[in-house]
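Asks: Below you'll find the structure I mean.
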Amino acid sequence: MASKQVLKVADFQTEVHNDWCPGCGDFGILRSIQMALAEMQLDPSNVAIVSGIGCSAKTVHYVKTYGVHTLHGRPLPFATGVKLANPGLEVVACGGDGDGLGIGAAHFVNSGRRNVDMLYIIFDNGVYGLTKGQASPTLRLGVKTKSLPAPNMNEGVNPLWLALAAGATWVGRGYSYDIKHLVSLIRQGIEHKGYAFLDVLQPCPTYNNINTKEWFGGEDRKEENEGRPLPRVYKLDAEYDPVVHSWEEIDAKIAQAMTKGREWGDKIPIGVFYKNELVPTYEKRISSRVPNYVSNPPAKQAIADTEGRPVADLTKLLQSLAVN
Amino acid sequence: MTQTPTVNDLAWIVGGAQGSGVDSSATVFARAAAYGGLHVFGNREYYSNIMGEHSYFQVRLSGHPIRSHVDTLNLLATFDAETVFRHARNVTDDGAIIYDPGLAGTKLDDVPTIEARLRADLQTYLVARGLGFTIQDLLKSAEDRGVTLVPVPYTRLLSEVADENHIDQLSKISRMVNMFAVASSFGILGYDYEMMARALRDVFRAKAEVAEMNVRGAKKAYDLVVAKHLAFPYHLEPIDFRGERRVLMTGAQAIGLGKVLGGMRVQTYYPITPASDESEYIEANQIVDSRAPSADPAEEESAVAKEAGSVLVMQTEDEISAVTMAIGAALTGARAATCTSGPGFCLMMEGIGWAGINEVPLVITLYQRAGPSTGMPTRHEQGDLRFALHAGHGDSPRILLASGDFEEAFHDGAKAFNYAERYQTTVIHLVDKAIANSNGTMPTFDPDQVRIDRGEMITDGWSGRDPYKRFAFTESGVSPRAVVGHPGTMFWNTGDEHDEMGHITEDPVLRNLMMEKREKKLELAAREIPEGEKVNFFGDRTAGTVVVSWGSTKGAILDAMDALHAEGIKLGFLQIRLVNPFPVEAVTRALARAKSIVNVEMNFGAHMGGLIRERTGIEPTHQVLKYNGRPMSSTELAAAFRAIAKGNAPRKQVLTYGV
């Protein structure tokens, strides 16, 4: 490789025309991803961003790394395949809340069980934007956003709870209008050894007229605060320690994360809710069976010699089936 | 009736409740015979049930290679009542039945797992002979036909073994009745017990004590029978076969071995019958030995090759995840596959479309089984040809290849990846329950015949002046492929229509170019793939009657042809191996001059027959179809072909044999 040069945010930007609505919360997340990658000085050729379907999934086309825009609900299994075939890659999966918690719910649950070392970001706005604003899995019961003909009939699911129950070993929540904080969360999520889940509150300016930027920012509560907005979103403070330091702490730390993760409405916490690096990553579990898995993973194995002859030697296997 | 002895030509069945060890007894029987140089073909039949329902294994033995099962049966080895009730009527008049005399009084009604239809059928049979409804009655009807009855007192033998080995409860060793049944079979067949002892030691190699107890115990059953039935016309004699290295394996093992040799390093799967066997076999052997490379050892790549390889076998949460995870792995350059059966394949449609539009080399091994829906999960069918051909919405190119026997399954397992990478497309390898669960002896595979062709792949960086374009337009339709993680060749994938970089486009001109580019790769495949990999032709090229088929019917067709050849009936047989792109020219040439074209398929809808007509304009004159879940036997195919040759067959014959 050429001599190391310092990568700037611009080095992670493509020239592809961005067709999100003006004021979309996705812009903040996109920017934060690019900033985090630049801050970490990751080699763009060694990063894969894997997305599902929907507005959020277009993110990959705007980031100059390997970009895999997949199927509705499927970023996690695609990303898992990429990462486990080549564990040397940095893999970030992303998608909307409908993508990850509706059609992709099975993968959401099972990714927690696997604990593959990667970050999954949900762009959480409570609506299916690209299909014009239907209620999505995080929209609460009885809420009527403007494109719904009647109030929502389903209760909203709590992504943080679901991630904890599924076994995610790092659980965080960010807000797309607090970029500095979000960059830090993305970085921590990438650096976490294991499966990190990051829920990002992301107002959809076109279809979600309830959970708006103004609502999150508390613009409607100025009277209570002498004319200044009283933001609903607040950061978990230094007192809150999300880290599981020993196996004995697990119950307490999960309970703490669930309690915090339940806050909604007047106070909405963002930050790292839970972090547990005691659980072995899937890569480690594979290595316990295949000792050279990390140094000689599937994508890096030589399978043929220069004349195309297979490198695999089946002698022993064939011998075990031989009758003479 | 005087009998001429039949040496080394036998159809044997062992049956019993699922979970009682029928498989192990069949394995011991088959291995023991194979050690003696006999050729083996085994067909396994079982219910979708863990314990209690009837399962059986037919093992055919012969002095020459055999490729199919037959409807008749010369020796029936039983240790329960149901197996006698189900199979006794099918034993040839000169055959024998090994049974437990303690069960003689068991009534038909005492066996709840026999279906009402079969129960009524048996009752009619027995009533017609003035007999009652017990095992004893049915055995008498067999004996009346000339069948030899071989009572083996299993309980007494078990007691003896228990006493000698200080075992307090018979139930702890009750599974040994399997081996009594096998040993008494070899006893009546006059076969060397040492072969069985060797097979027992092999099957129980992890448990030496159990092996020795079985060796000693089964010998009792052998001794009880041997030399008592000298008039029994079937004999087995060892054959010298030292000149040929031979293996005994199942189709699922053959496919798994082919895939590993062919460089597969990631396999994903969700549990499903009958596909899971392959994944489990690979997982159990996931560390892959590496050959010492013959190339210059100074080369860095050779140093890598010396290191042991491995296959990552991932059990996923569903088949959607299985197919998409395999695609993700393939994007990084690993040869990746998934393996499934009909219901799982249904869930893979979106993945197939995505791999198609993104030109990902993806291999799907599709073990067909009886559908639709759950159908008959453990039973056989070739009912997914049309489905695999059109799976997914829109037009997405794919290559379909179908294996006819164990050897083809092995080679196709490897070759599928060459096609997938060379043409950067999905390859669906069509196999089925019959090939997966059958076993047989065969000359050991020659790995030297396998070559790996990775197609146009960028492996050493990008020095082009323009940015790398993953989907660059080229003459052939194939764009040089870089993989995720390769330095300097950044690209994008999307399930949307896309430009050469991989970014979304809805431009009408680009759309056409991309659709045509993808299809061009199949045209290239059709031109490049040699005819020998597209079709096989067997028998008489000038025959007026040509049989056409695909997949695992091959063995039964060839065995039926051999039988008919002896009767002076000559047939040609066109086996279609490459189903898509369809080998129009080769098929047209083989069928154009035939007076009768007999389409043979293990499905209801005559999928291939329709496809032949669609692609060549030639319509088969006869259909021989079967869809009762049991594979075609050479017996029933010979009968069907004979009727056609004699000119008295209907246009469509439905084969119905099955137990």
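Asks: Just wondering, is there one or more residues in region A:45-58 that are within 10 Å of another protein chain (Cβ to nearest Cβ), more than 30 Å from A:Ala302 (Cα to Cα), in contact (Cβ under 8 Å) with a residue 12 or more places away in the chain and surrounded by fewer than 18 Cβ atoms within 10 Å (Cβ to Cβ)?
Replies: There is no residue in region A:45-58 that is within 10 Å of another protein chain (Cβ to nearest Cβ), more than 30 Å from A:Ala302 (Cα to Cα), in contact (Cβ under 8 Å) with a residue 12 or more places away in the chain and surrounded by fewer than 18 Cβ atoms within 10 Å (Cβ to Cβ).
Asks: Give the residue that is nearest to A:Val323 (Cα to Cα), with candidates limited to residues of region B:436-471 that are more than 40 Å from the chain's Cα centre (by Cα) and either within 11 Å of another protein chain (Cβ to nearest Cβ) or among the polar types (S, T, N, Q) (or both). Walk me through how you get there before you give the answer.
Replies: The initial filter retains those residues of region B:436-471 that are more than 40 Å from the chain's Cα centre (by Cα), namely B:460-469.
Checking the rest, the ones that are also either within 11 Å of another protein chain (Cβ to nearest Cβ) or among the polar types (S, T, N, Q) (or both) come to B:461-463, B:467-468.
Details: B:Gly461: 48, B:Trp462: 50, B:Ser463: 53, B:Pro467: 56, B:Tyr468: 52 Å.
Within region B:436-471, the match that is nearest to A:Val323 (Cα to Cα) is B:Gly461.
Asks: Now for a different question. Taking the criterion of being surrounded by fewer than 24 Cβ atoms within 10 Å (Cβ to Cβ) and in a loop (DSSP other than H, G, I, E, B), would at least one residue in region B:338-355 satisfy it?
Replies: There is at least one residue in region B:338-355 that is surrounded by fewer than 24 Cβ atoms within 10 Å (Cβ to Cβ) and in a loop (DSSP other than H, G, I, E, B).
Asks: Does any residue of region A:115-122 turn out to be at the interface with chain B (Cβ under 10 Å from one of its Cβ atoms), crowded, with 18+ Cβ neighbours inside 10 Å and within 24 Å of A:Pro203 (Cβ to Cβ)?
Replies: Within region A:115-122, the subset at the interface with chain B (Cβ under 10 Å from one of its Cβ atoms) is none.
No - not one qualifying residue is present in region A:115-122.
Asks: If only one of A:Ile250, A:Ile254 is away from every other protein chain (no Cβ under 14 Å) and either assigned to a strand (DSSP E or B) or touching a helix residue (DSSP H, G or I) at 6+ places or on another chain (Cβ under 9 Å) (or both), which one is it?
Replies: Details: A:Ile250 fails: either assigned to a strand (DSSP E or B) or touching a helix residue (DSSP H, G or I) at 6+ places or on another chain (Cβ under 9 Å) (or both).
Answer to the selection: A:Ile254.
Asks: Residues in region B:361-378: is at least one within 11 Å of another protein chain (Cβ to nearest Cβ), at pLDDT 95 or above and buried (at least 23 other Cβ atoms within 10 Å of the Cβ)?
Replies: Yes: one or more hits.
Asks: So, in region A:28-44, how many residues would count as being more than 14 Å from chain B (Cβ to nearest Cβ) and surrounded by 19 or more Cβ atoms within 10 Å (Cβ to Cβ)? Give the steps one after another, and end with the answer.
Replies: Residues of region A:28-44 that are more than 14 Å from chain B (Cβ to nearest Cβ), as a first pass: A:28-36, A:38-41.
From what's left, surrounded by 19 or more Cβ atoms within 10 Å (Cβ to Cβ): A:28-30, A:32-36, A:38.
Qualifying residue count for the region: 9.
Asks: Out of everything in region A:153-188 that is part of a loop (DSSP other than H, G, I, E, B) and within 12 Å of A:Val200 (Cβ to Cβ), what residue ends up being nearest to the chain's Cα centre (by Cα)?
Replies: Within region A:153-188, the first condition is being part of a loop (DSSP other than H, G, I, E, B), and the residues that meet it are A:153-158, A:167-169, A:176-178.
Add one more test, that the residue is within 12 Å of A:Val200 (Cβ to Cβ), and what stays is A:176-178.
On the way: A:Ser176: 13, A:Tyr177: 17, A:Asp178: 17 Å.
In this case the residue turns out to be A:Ser176.
Asks: So in region B:533-555, with the set limited to residues that are of a type in the set (Phe, Trp, Tyr) and without any contact (Cβ under 8 Å) to a residue 60 or more places away in the chain, which one is nearest to B:His607 (Cα to Cα)?
Replies: Residue satisfying both the conditions and the ranking: B:Phe537.
Asks: Sticking with this one: Can you give me the number of residues within region B:472-494 that are under 35 Å from the mean Cα position of the chain (by Cα), under 19 Å from B:Lys520 (Cα atoms) and touching a residue at least 60 places away in the same chain (Cβ under 8 Å)?
Replies: Residues in region B:472-494 being under 35 Å from the mean Cα position of the chain (by Cα), under 19 Å from B:Lys520 (Cα atoms) and touching a residue at least 60 places away in the same chain (Cβ under 8 Å): 1 in total.
Asks: For region A:59-94, which residues satisfy the criterion of being within 7 Å of chain B (Cβ to nearest Cβ), polar (S, T, N, Q) and under 15 Å from the mean Cα position of the chain (by Cα)?
Replies: Answer for region A:59-94, where residues must be within 7 Å of chain B (Cβ to nearest Cβ), polar (S, T, N, Q) and under 15 Å from the mean Cα position of the chain (by Cα): A:Thr70, A:Thr80.
Asks: Tell me which residues, restricted to region B:93-112, are surrounded by 15 or more Cβ atoms within 10 Å (Cβ to Cβ), under 35 Å from the mean Cα position of the chain (by Cα) and assigned to a loop (DSSP other than H, G, I, E, B).
Replies: Listed by number, the residues that qualify are B:Asp100, B:Val111.
Asks: Another one. Of the residues B:Glu115, B:Glu143, B:Glu160, which single one is closer than 23 Å to B:Tyr657 by Cβ and among the acidic types (Asp, Glu)?
Replies: Numbers: B:Glu143 fails: closer than 23 Å to B:Tyr657 by Cβ; B:Glu160 fails: closer than 23 Å to B:Tyr657 by Cβ.
When all the criteria are applied, what remains is B:Glu115.
Asks: Among the listed residues B:Arg242, B:Arg205, identify the single one that is modelled with pLDDT under 95 and closer than 17 Å to B:Asp23 by Cα. Let's see the steps before the verdict.
Replies: Numbers: B:Arg242 fails: closer than 17 Å to B:Asp23 by Cα.
The conditions single out B:Arg205.
Asks: Whether any residue in region B:337-360 is without any contact (Cβ under 8 Å) to a residue 60 or more places away in the chain, more than 10 Å from chain A (Cβ to nearest Cβ) and small (Gly, Ala, Ser) is what I want to check.
Replies: yes
Asks: Same structure again: Mind listing whichever residues of region B:340-381 are of a type in the set (Phe, Trp, Tyr) and either within 26 Å of B:Thr494 (Cα to Cα) or in the same structural domain as B:Leu522 (by TED's automatic domain parsing) (or both)? Full working, then the answer.
Replies: Our first condition is that a residue be of a type in the set (Phe, Trp, Tyr); within region B:340-381, this holds for B:345, B:354, B:367.
B:Phe345, B:Trp354, listed by residue number.
Asks: Is at least one residue of region A:4-13 part of a loop (DSSP other than H, G, I, E, B), more than 21 Å from A:His181 (Cα to Cα) and modelled with pLDDT under 95?
Replies: Among the residues of region A:4-13, at least one is part of a loop (DSSP other than H, G, I, E, B), more than 21 Å from A:His181 (Cα to Cα) and modelled with pLDDT under 95, which makes the answer yes.
Yes/no matrix, rows are residues, columns are (1) in contact (Cβ under 8 Å) with a residue 60 or more places away in the chain; (2) farther than 20 Å from A:Leu71 by Cα:
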residue	(1), (2)
A:Val92	yes, no
A:Asn125	yes, no
A:Pro137	no, no
A:Val143	yes, yes
A:Pro149	no, yes
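Asks: If you don't mind, another one. Where the second residue is modelled with pLDDT of 95 or more and charged (D, E, K, R) and the first is in a helix (DSSP H, G or I) and surrounded by 12 or more Cβ atoms within 10 Å (Cβ to Cβ) and lies in region B:117-145, which pairs have Cβ atoms under 7 Å and are six or more apart or on separate chains?
Replies: B:Tyr125/B:Arg89; B:Leu126/B:Asp137; B:Ser141/B:Arg129; B:Arg145/B:Asp93
Asks: Being buried (at least 19 other Cβ atoms within 10 Å of the Cβ) and in contact (Cβ under 8 Å) with a residue 40 or more places away in the chain is the filter here; which residues of region A:288-299 pass it?
Replies: A:Tyr293, A:Pro297, A:Pro298, A:Ala299
Asks: Can you pull out every residue in region B:252-296 that is in a loop (DSSP other than H, G, I, E, B), at the interface with chain A (Cβ under 10 Å from one of its Cβ atoms) and farther than 17 Å from B:Glu408 by Cβ? Explain how you work it out, then say what you get.
Replies: Narrowing region B:252-296 to residues in a loop (DSSP other than H, G, I, E, B): B:262-263, B:270-275, B:285-286, B:289, B:291-296.
In the following step, the residues that additionally are at the interface with chain A (Cβ under 10 Å from one of its Cβ atoms) were identified as B:262-263, B:285-286, B:289, B:291-296.
Answer for region B:252-296, where residues must be in a loop (DSSP other than H, G, I, E, B), at the interface with chain A (Cβ under 10 Å from one of its Cβ atoms) and farther than 17 Å from B:Glu408 by Cβ: B:Gly263, B:Asn285, B:Gln286, B:Asp289, B:Arg291, B:Ala292, B:Pro293, B:Ser294, B:Ala295, B:Asp296.
Asks: When A:Thr306 is evaluated against the numbered criteria (1) crowded, with 19+ Cβ neighbours inside 10 Å; (2) within 14 Å of another protein chain (Cβ to nearest Cβ), which criterion, by number, is the only one it fails?
Replies: (1)
Asks: Moving on to the next point. Among the residues that make up region B:618-633, is at least one of them over 20 Å from the mean Cα position of the chain (by Cα) and assigned to a helix (DSSP H, G or I)? Talk me through it step by step, then tell me what you get.
Replies: Going through region B:618-633, the residues over 20 Å from the mean Cα position of the chain (by Cα) turn out to be B:618-624.
Remaining after also requiring assigned to a helix (DSSP H, G or I): none.
Scanning region B:618-633, I find no residue that is over 20 Å from the mean Cα position of the chain (by Cα) and assigned to a helix (DSSP H, G or I), so the answer is no.
Asks: Another question about this same structure. Any residue at all in region B:636-648 that's among the aliphatic types (A, V, I, L, M) and not in a helix (DSSP H, G or I)?
Replies: No, that holds for no residue.
Asks: Then there is this: So B:Ile167 clears everything in (1) in contact with a helix residue (DSSP H, G or I) (Cβ under 8 Å, 6 or more places away or on another chain); (2) part of a helix (DSSP H, G or I) except one condition, right? Which one?
Replies: (2)
Asks: OK, next. When the residues of region B:28-72 are narrowed to those that are aromatic (Phe, Trp, Tyr) and touching a residue at least 60 places away in the same chain (Cβ under 8 Å), which ends up farthest from B:Asp192 (Cα to Cα)?
Replies: First pass over region B:28-72, keeping only residues aromatic (Phe, Trp, Tyr): B:29, B:35, B:41, B:46-47, B:56-57.
Checking which are touching a residue at least 60 places away in the same chain (Cβ under 8 Å) leaves us with B:29, B:35, B:41, B:46-47, B:56.
On the way: B:Phe29: 12, B:Tyr35: 10, B:Phe41: 20, B:Tyr46: 30, B:Tyr47: 33, B:Tyr56: 24 Å.
This residue is B:Tyr47.
Asks: A follow-up question, please. Considering every residue within region A:10-26, establish whether at least one is touching a residue at least 40 places away in the same chain (Cβ under 8 Å), crowded, with 24+ Cβ neighbours inside 10 Å and not β-branched (Val, Ile, Thr). Quick ask: steps written out before the conclusion?
Replies: Of all residues in region A:10-26, those touching a residue at least 40 places away in the same chain (Cβ under 8 Å) come to A:11-14, A:16, A:18, A:21-26.
From what is left, the residues that are crowded, with 24+ Cβ neighbours inside 10 Å are A:25-26.
Then keep just the ones that are not β-branched (Val, Ile, Thr); that gives A:25-26.
Yes: one or more hits.
Asks: Mind checking which residues of region B:317-334 are at the interface with chain A (Cβ under 7 Å from one of its Cβ atoms) and crowded, with 24+ Cβ neighbours inside 10 Å?
Replies: Answer for region B:317-334, where residues must be at the interface with chain A (Cβ under 7 Å from one of its Cβ atoms) and crowded, with 24+ Cβ neighbours inside 10 Å: B:Ile320, B:Ser321, B:Thr324, B:Met325, B:Ala326, B:Ile327, B:Gly328, B:Ala329, B:Leu331, B:Thr332, B:Gly333, B:Ala334.
The values are calculated or read from the model by the stated rules, or taken from the named source; none is laboratory data. Predicted model only: the values in this text are computed from it and were never measured. In this analysis, Cβ positions are derived from the backbone assuming ideal geometry, glycine residues included, and neighbour counts consider all displayed protein chains.
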